[in-house]
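Undergrad: Please read through the structure below; I'll follow up with questions.
The values are calculated or read from the model by the stated rules, or taken from the named source; none is laboratory data. Treat the numbers as computed from the prediction; the structure is a model and nothing was measured. We place every Cβ from the backbone using ideal geometry, glycine too, and count neighbours over all the protein chains shown. Quick note on the areas: whole protein, heavy atoms, side chains included, nothing else; ligands and nucleic acids left out. Shrake-Rupley method; radii C 1.70, N 1.55, O 1.52, S 1.80 Å.
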Amino acid sequence: AAIKAAITQSGPGARVLDIGTGSGLLSMMAARAGAGSVVACEAVPIIADMAAKIVAQNGYADRIDIFSKPSTYLEEGVELDAPADILVSEILSSDLLTENVLDTFEDAHARLLKDDAIVIPRAASAIGCLVESDVLHDYVFVDRVSGFDLSSFGDFAAMKLPIHGTMTDWRRLSADIELVRVDLTKKRHESDLQNLSIPVLEDGIATGIVQWMHIDLAEGIAFDNHPDGYSDGGWLQILHHFPKPIRVRAGWSASSSF
């Protein structure tokens, strides 16, 4: 829906840039919606080759060019005949920004897009809530094993854990809160560290914060993988666990940094 709206706004001759095309799906959606031309890139050669095959099989090889390289290696006058009117990209990860998203979008804004280009998605937020969970506690915190205290070994644990299957068994201790929001239409992003205060609604032992994402694609068009209603797709929720469990009470504020 966002791609259709963008091409309607830009006109049927719109030039589209697809970064991290994967299977070529978004490129084909753009071509089907009436894009004049699509330049797509994919950094993994075997995936780029398969995307080109899929595009040809679906009859769009005449309008979609796929290049096996990162977008930072694309150049106007070489792979692109002019700056793109529309950027589409699905390089977001479950924890939002792992896949070098900000650097990639900043480079595209600087070299590959028109100043007024439409960007899809145009913003992305990490949403989360404070949780208690015996299952997650056992996954992330080391205690006693065979009579020995190994709790100090937990200092080596990664501070985030993808959640799936039985690991979705957790109890909410706070309301949903926006942890961070990134405006992907901005030309530059400065690094930032924010302290958040999360009001506690229930007594419990907080394991950490379960985080999901909300993606603003276009006016009135959004996607999220909220754990209360999302069951299909490739994105998981992420547990950002504390160094140690924290006992909390309703009415308190738990502080975290993002």
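Undergrad: With both partners inside the chain, how many of the DSSP beta bridges are antiparallel, as a percent to the nearest 5?
TA: 70
Undergrad: Calculate for the chain the 222 nm mean residue ellipticity that helices alone would give, adding -39,500 (n - 2.57) per DSSP H run of length 4 or more and normalising by residue count, nearest 500 deg cm²/dmol.
TA: -5500 deg cm²/dmol
Undergrad: Here's a follow-up. What is the spin-label model distance, in nm, from V180 to I46 if the labels are put 7 Å beyond Cα along the C-beta direction?
TA: Calculated label separation equals 3.1 nm.
Undergrad: With +1 on each Lys and Arg Cβ and -1 on each Asp and Glu Cβ, and nothing else charged, work out how big the dipole of the chain is about its Cα centre, in Debye to the nearest 20.
TA: 180
Undergrad: A further question follows. In whole percent, and with a 1.4 Å probe on the protein chains, what portion of the accessible area of the range 26-81 is carbon and sulfur?
TA: It is 54 percent, rounded to a whole number.
Undergrad: Just order 64-70, 95-101, 35-41 by mean Cβ neighbour count inside 10 Å, highest at the front, would you?
TA: Top of the packing list down: 35-41, 64-70, 95-101.
Undergrad: Calculate log10 I(q)/I(0) of the range 131-247 for q = 0.15, 0.19, 0.20, 0.22 Å⁻¹, where I(q) comes from the Debye formula with a single equal point scatterer on each Cα and nothing for solvent.
TA: Each listed q corresponds, in turn, to -0.82, -1.17, -1.24, -1.37.
Undergrad: Something else now. Given a cut-off of 24 Å, name the pairs among K4/K186; K4/K69; K160/K244; K69/K187 whose C-alpha atoms lie farther apart than that in the structure shown.
TA: Result: K4/K69 exceed 24 Å.
Undergrad: Moving to a separate point now. Just the number please: accessible area per residue for the chain, 1.4 Å probe, all protein chains included, in Å².
TA: Result: 53 Å² of accessible area for each residue.
Undergrad: Separate question: Could you rank the peptides 111-124, 50-63, 216-229 by their average count of other C-beta atoms within 10 Å per residue, with the highest value first?
TA: 111-124, 50-63, 216-229
Undergrad: Right, next: What order, most packed first, do the peptides 236-245, 150-159 have when packing is the mean number of other Cβ atoms within 10 Å of each residue?
TA: Ranked from most to least packed, the peptides come out as 236-245, 150-159.
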